[in-house]
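For reference, the structure discussed in these notes is given below.
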Amino acid sequence: MKKFEFQEKGHKYFLDDKPLTGVTTVLNVIAKPALIAWSAKMACEYVKANLKSLEELDQVLELAKIAHTRKKEDAGDIGKQVHKHIENWIKQRINPAAAYLEEITKQEADIVNNFIKWAIDNKIKFLESEKKLYSEKYWLGGTADFVCEIDGKKYVGDIKTGSGIYDRTPMAQAAAYRLMLEEMGEKDFYGSVIINIKKDGSFNEEKDVYWSKDYATDLELFLGALAIYRVLNNTIITNDLTEKIKNNSVKK
């Protein structure tokens, strides 16, 4: 039996002590133009808020260069906490005997409650929470936020806490998780669902819940990103992966 391991430090996955490539690492090769504009906005806002005199200009400009990084780190901390609270809540839904007690801030509670309300209103039946996954075939590792049933149909679910979803990348991420779930023996998936619960506490189910039943296209996007990642990082691409992309042969 293969030895699959996840190390919290560094968020790394290993198979037989060899590092796997993370799904989110692969998807970072896809350009995100909105982030470029956002980082420029963060720099401008920092200068506007902190520049008191021209004598401070050089110092303020240096700090403005990393304003987007600090903002992203702060947002990431909130996102991690929200994911943890939701993970605990889902696990209690799966096993009511489980007890998870953690402190939660009002901001975190407002965000988490939007997810809980969506889940209860839509009678979501949760099957898995924070499922650690791997693919030996594609040498990948990742963690699915949840697997659920909705109206008797099985979905791979992912939670986002950003200001919005601007492209199809989250669907490609869910497709990669489904790929690994199926390789590990799970079957009969119907689609994927992405829940965008924003950090400002706003949530509109019609606009912030994204569904995809087009697994073939979502997987094709991920496999394309994987091929680019392997070439850029001088790693091996399996013949199977190359042929699928070359011939566009993922079954629809």
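Quick look at the numbers
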item: Helices (runs of 4 or more DSSP H) contained entirely in region 40-147, each with at least 3 residues that are modelled with pLDDT of 95 or more and open to solvent by 60 Å² or more (accessible area, probe 1.4 Å); result: 106-121
item: In region 1-38, residue modelled with the highest pLDDT [restricted to those that are assigned to a helix (DSSP H, G or I) and open to solvent by 70 Å² or more (accessible area, probe 1.4 Å)]; result: Thr24
item: Tally of residues being part of a helix (DSSP H, G or I) and of a type outside the set (Ser, Thr, Tyr) across region 156-190; result: 13
item: Matching residues, region 148-165, being charged (D, E, K, R) and either under 12 Å from the mean Cα position of the chain (by Cα) or open to solvent by 70 Å² or more (accessible area, probe 1.4 Å) (or both); result: Asp151, Lys153, Asp158, Lys160
item: Number of the condition not met by Ala216 [criteria: (1) modelled with pLDDT of 95 or more; (2) buried (at least 19 other Cβ atoms within 10 Å of the Cβ); (3) not aromatic (Phe, Trp, Tyr)]; result: (2)
item: Scan of region 166-179 for residues that are without any contact (Cβ under 8 Å) to a residue 60 or more places away in the chain, touching a helix residue (DSSP H, G or I) at 6+ places or on another chain (Cβ under 8 Å) and open to solvent by less than 30 Å² (accessible area, probe 1.4 Å), ordered by number; result: Met171, Ala174, Ala175, Leu179
item: Candidate set: region 191-215, residues that are part of a strand (DSSP E or B) and in contact (Cβ under 8 Å) with a residue 40 or more places away in the chain; chosen: the one farthest from Phe115 (Cα to Cα); result: Ser212
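The values are calculated or read from the model by the stated rules, or taken from the named source; none is laboratory data. Everything quoted here is computed from the prediction, not taken from an experiment. For neighbour counting, all protein chains shown are included, and Cβ atoms are generated from backbone atoms with ideal geometry for every residue, glycine included. When the accessible area is computed, the model is the full protein with side chains, heavy atoms only, and any ligands, DNA or RNA have been set aside. Shrake-Rupley method; radii C 1.70, N 1.55, O 1.52, S 1.80 Å.
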